[in-house]
Amino acid sequence: MKRMGRLSLIYLTIVFVILYAPIFYLMYYSFNSAGTMHNFESFTFDWYREVFQDTRLFIILLNTLVIALLSSAISTAIGVLGALAITRVKTKRFQNALLTLNNVMIVSPDVIIGASFLVLFAMIGIKLGFGSVLISHIAFSVPIVVLMVLPNLEEMSPTLIDAARDLGASGWDVLTRVVIPYISPGIFAGFFMALTYSLDDFAVTFFVTGGGFSTLSVEIYSLARRGISLTINALSTLIFLATLILVIGYYFISKQGAKPKEAEVRE
Amino acid sequence: MPEETIIRFENITKQYDNDPPVLTDVSFELERGKFYTLLGPSGCGKTTIIRLIAGFVQPTTGAIYFDEQEISNIPPDKRRVNTIFQDYALFPHLNVFENVAFGLRVKRMKPDMIKAKVREALRFVNLEGLENRGITGMSGGQQQRVAVARAIVNEPEVLLLDEPLSALDLKLRSEMQYELRELQKNLGITFVFVTHDQEEALALSDEVFVLNSGVIQQRGTPNDIYDEPVNKFVADFIGESNIIPGIMINDYLVEFVGNQFECVDQGFYPNEPAEIVIRPEDLEITGKDQGKLQVRVDSQLFRGVHYEICCYDKDGNEWLVHSTRKVTVGDEIGLDFGPEDIHVMRLGETEDEFDRRLESYEEVRHAG
Amino acid sequence: MRGRTRTRNIYLIPYMLWIVLFVIAPIVLIIYYSMFNIDGAWSLENYKRFFTPVYLSMTLRSFWYAGLITGFSLLIAYPTAYLLTKTEHKQLWLLLIILPSWINLLLKIYAFIGILGFYGPVNSFLDIIGVGTRQILFTDFSFIFVAVYIFIPYMILPIFNALEELNPSLVAAARDLGASSWATFRRVVFPLTFNGVKAGCRAVFIPALSLFMITRLIAGNRVITLGTAIEQHFLVTQDWGMGSTIAVFLIIAMGLTMILTETGKKVN
């Protein structure tokens, strides 16, 4: 491969600097004793202490995590069933219709999802709060799981299922011993994506939450609207570290899963 | 000897939706402990037959019997047959041991029993010590052996092999042919082997079924099929042959390329048009104006064991000759052959019609 | 075959339920609500209102901003994606590009409140080079800048994937046939990665139409997008009818964008 030109290198560097500048800017000032995002006065852990002492914030964090884990687990289950259903549908028309509807949810802007869910919950009389937020998060995560699992199912050779049946496996055995293990990388990826979508969501939650129930995103929004508060900086540093750990963990786990395939290429 | 029949197809027709049928009114029986080959071009229905036996598809009409029990609608997991797939269909998420153990695990066999049986099966295919290897890192030949072990560990009464050698290179292929034949002898179970490779079919089988467009064209031992093809399709598909139009003058007398020749065929109407088959290796090259047929050499290819020589007679028929003798392109040469080298076929005759002709001929002879 | 059909139906039930409840029903409800005015009476008043200059100019402005954001994102993302494919550990670099997009959106927006603020580093820099401090926050520029910043990874990813799928021997073939590197790019690389560009534009344009937290936090209500208007009607003025009407038009815009950026990939 050709060495990259100096100009290209500068360009990439600038892009990377700009992408990461805001994050490191936030982190830097989270240690500022002056309490502003300019004029670094002296180093302090005060804001972190405040984050850890703030029980309200702790409850919100807990809410966010519970919603994220529950919604991604449930949406993964529905999504896997959905992907299985899509591949088993016989007519191409019906299959494409299902996929289109699946994609509608993916491309729909958050505002539309939020507003329409708000209307839906009002219609069927679901009280806004934990329940409505959980249902919404499940609903918008399902199509992502479907999309992550589908390629795995499609590349799976149909003879594998024939082989399992041939060896005496019942329909349930085929599902649990062959299909699910085979598509587990997709299931894992789907779960992980659902998790990040849920953790990251602001707009939908903002529309459908109520009764004092709040997630981290909504909380940050309302804090930010009131102006700068270095507790947010401290919090964002912690979130950044958590994200980093999550991503690195995901990267390594998915890499491990991909290893046999690399061996295949080498052959 | 009905007690030896293990699988019987009774008037099986298989049709998908409104497409033309894949199999049309196919009937046959397979005996216990023999090596059968289903041979034919792609799309002839050979794979459909083993998928019917395995239970992956159900016949549109007709019935399949296993040990004289009808099994047409029994699901594949309840049948005492196992399959080796063209792509092996080994489970990529399981290692060698777990692949072979799969069938035993779903039968809820005891773990120590499974261990012993899997060991035994792997020993049988010379894969001892590779229990913990992943599937994806293995060579084609090794994967093939795992597939064999995975099937035979279940002790099937019939083993179905769907073109299992087609993914292997030539050398490995012939090695595996020997091994499969040995395996079948050692196990003593019925093998149903699907292939489109006629050499493979002739080399391996006790009996060959030649199929074309959903119909069994001919069944018989490799020798029968090779020497006595019932029609042009079989003659053309099995080995290389010269197929020339001719007229059956009388019993034991045939005319082609303007000359009459003595032959060993019988049972035709007088002066019935027919097709003459002579194998390229049965033609012997003689000097000009000698032999039974005069031809001009058009081209010549060296094939290693022999020369493949292409000639034309005065009527423009192409004659393929396999000879260890080299000739000169453009020369006139003579071709010689004996009466037993000529095989006369009735136009478009099926196997049943062929058999009936022989029978009716015998009757006429006895009556007269 | 009947057994197999039954299991398929069991798989289908929860998923179909999800589709009906959360994809079809909400859209139907939005259309239904758009036909009620603020007093709850059935009328097409909202649609009439939408075609008044106030709403039309807002819609046009929203499209204009979304177009600008998409255009700038593409302008920055394409070269970035292209250069990324040339790096040695490209998957790692790609991961690093995507990583910021996994940081909560609001935190990044919040960071820009500080960076672009009156006492922020950008203004200090402007002061040093003699341009002088000025109000950057709450301008069109700050809105577009932050939006582009947010969307860049979503534009890079599909383009990167398209470039990765491009068979390198096609580029070699073009060069071999005498095409300069620019001609190769224009006639071979770009057309073959156009589906990636379309996918990227789709991933940016629709959300750009409907952003509302950036407008609130960075643009200080100077910029009103369709998204802001919907949020305003639903959550502030409680005029769900009008909010739904705007949402209907946003859905139409979304449908058109989807059709325009159709990459021709279907189930095979």
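Does any residue of the stretch B:219-231 turn out to be of a type in the set (Lys, Arg) and under 10 Å from the mean Cα position of the chain (by Cα)?
Looking for residues that are of a type in the set (Lys, Arg) and under 10 Å from the mean Cα position of the chain (by Cα), one finds at least one in the stretch B:219-231, hence yes.
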Looking for whichever is within 7 Å of chain A (Cβ to nearest Cβ) and either in a helix (DSSP H, G or I) or surrounded by 16 or more Cβ atoms within 10 Å (Cβ to Cβ) (or both) here; the options are C:85, C:70, C:80. Which one fits?
C:80
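Could you tell me whether any residue of the stretch C:41-51 is over 14 Å from residue C:229 (Cα atoms), among the polar types (S, T, N, Q) and away from chain A (no Cβ under 14 Å)?
Checked the stretch C:41-51: at least one residue is over 14 Å from residue C:229 (Cα atoms), among the polar types (S, T, N, Q) and away from chain A (no Cβ under 14 Å).
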With the condition kept exactly as written, say whether any residue in the stretch A:3-19 is among the hydroxyl-bearing types (Ser, Thr, Tyr), surrounded by 13 or more Cβ atoms within 10 Å (Cβ to Cβ), within 22 Å of residue C:92 (Cβ to Cβ) and within 14 Å of chain C (Cβ to nearest Cβ).
yes
If residue A:169 satisfies all but one of (1) within 12 Å of chain B (Cβ to nearest Cβ); (2) in contact (Cβ under 8 Å) with a residue 60 or more places away in the chain, what's the number of the condition it fails?
(2)
Enumeration of residues in the stretch A:29-61 that are assigned to a helix (DSSP H, G or I), surrounded by 15 or more Cβ atoms within 10 Å (Cβ to Cβ) and more than 9 Å from every other protein chain (Cβ to nearest Cβ):
A:46, A:47, A:48, A:50, A:51, A:57, A:60, A:61
Out of the residues in the stretch C:88-104 meeting the condition of being surrounded by fewer than 18 Cβ atoms within 10 Å (Cβ to Cβ) and more than 10 Å from chain A (Cβ to nearest Cβ), tell me which one is farthest from residue C:165 (Cα to Cα).
C:89
Residues located in the stretch C:21-37, provided they are at the interface with chain A (Cβ under 7 Å from one of its Cβ atoms) and touching a strand residue (DSSP E or B) at 6+ places or on another chain (Cβ under 9 Å)
none
Tell me which residues, restricted to the stretch B:67-95, are part of a strand (DSSP E or B) and buried (at least 20 other Cβ atoms within 10 Å of the Cβ).
B:81, B:82, B:83, B:84
Against the condition assigned to a helix (DSSP H, G or I), within 24 Å of the chain's Cα centre (by Cα), within 10 Å of chain A (Cβ to nearest Cβ) and within 23 Å of residue B:148 (Cβ to Cβ), how does residue B:51 come out, does it pass?
yes
So residue B:106 clears everything in (1) under 22 Å from residue B:179 (Cβ atoms); (2) at the interface with chain A (Cβ under 10 Å from one of its Cβ atoms); (3) crowded, with 17+ Cβ neighbours inside 10 Å except one condition, right? Which one?
(1)
Pairs only if they're at least six apart or on different chains, beta carbon under 8 angstrom, first in the stretch B:230-241 and of a type in the set (S, T, N, Q), second in a loop (DSSP other than H, G, I, E, B); list them, first residue then second.
B:231/B:348; B:231/B:349; B:231/B:350; B:241/B:229; B:241/B:279
Can you name the condition, by its number, that residue C:18 falls short on among (1) within 14 Å of chain A (Cβ to nearest Cβ); (2) modelled with pLDDT of 90 or more; (3) farther than 22 Å from residue A:95 by Cα?
(3)
Going through the stretch C:219-237 in order, the residues found to be at pLDDT 85 or above and within 11 Å of another protein chain (Cβ to nearest Cβ) are C:225, C:226, C:227, C:228, C:229, C:230, C:231, C:232, C:233, C:234, C:235
Within the stretch A:247-260, track down each residue that is in contact with a Phe, Trp or Tyr (Cβ under 8 Å, 6 or more places away or on another chain) and of a type outside the set (Gly, Ala, Ser).
A:247, A:250, A:253
Does residue A:128 satisfy the condition of being more than 7 Å from chain C (Cβ to nearest Cβ) and not in a helix (DSSP H, G or I)?
yes
Which residue out of C:127, C:39, C:140 is of a type in the set (D, E, K, R) and outside the structural domain of residue C:245 (by TED's automatic domain parsing)?
C:39
Kindly establish whether residue B:86 is under 30 Å from residue B:239 (Cα atoms) and away from every other protein chain (no Cβ under 11 Å).
no
Is it the case that some residue within the stretch C:146-159 is more than 14 Å from the chain's Cα centre (by Cα) and either assigned to a helix (DSSP H, G or I) or buried (at least 21 other Cβ atoms within 10 Å of the Cβ) (or both)?
yes
Look at residue C:136 and say whether it is closer than 23 Å to residue C:214 by Cβ, assigned to a loop (DSSP other than H, G, I, E, B) and either more than 13 Å from every other protein chain (Cβ to nearest Cβ) or touching a residue at least 60 places away in the same chain (Cβ under 8 Å) (or both).
yes
Given the options C:245, C:261, C:193, name the one that is surrounded by fewer than 19 Cβ atoms within 10 Å (Cβ to Cβ), over 19 Å from residue C:138 (Cα atoms) and touching a residue at least 12 places away in the same chain (Cβ under 8 Å).
C:261
Right, residue A:80: of a type in the set (A, V, I, L, M), touching a Gly at 6+ places or on another chain (Cβ under 8 Å) and touching a residue at least 40 places away in the same chain (Cβ under 8 Å) or not?
yes
With the requirement that a residue be among the small types (Gly, Ala, Ser) and not in a loop (DSSP other than H, G, I, E, B), what does the stretch B:302-345 give you?
B:323, B:334
Give the stretch A:198-218 a look and list any residue that's in a helix (DSSP H, G or I) and surrounded by fewer than 21 Cβ atoms within 10 Å (Cβ to Cβ), or say none.
A:200
Can you name the residue in the stretch B:304-320 that is among the hydrophobic types (A, V, I, L, M, F, W, C) and more than 17 Å from residue B:289 (Cβ to Cβ) and is also modelled with the lowest pLDDT among such residues?
B:305
Residue A:123: part of a helix (DSSP H, G or I), facing chain C (nearest Cβ under 10 Å) and either without any contact (Cβ under 8 Å) to a residue 12 or more places away in the chain or surrounded by 24 or more Cβ atoms within 10 Å (Cβ to Cβ) (or both), yes or no?
yes
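The values are calculated or read from the model by the stated rules, or taken from the named source; none is laboratory data. Every value quoted in this text rests on a predicted model; they were computed, and no experiment measured them. Note that each Cβ is placed from the backbone with ideal geometry, even for glycine, and that neighbours are counted across all protein chains shown.
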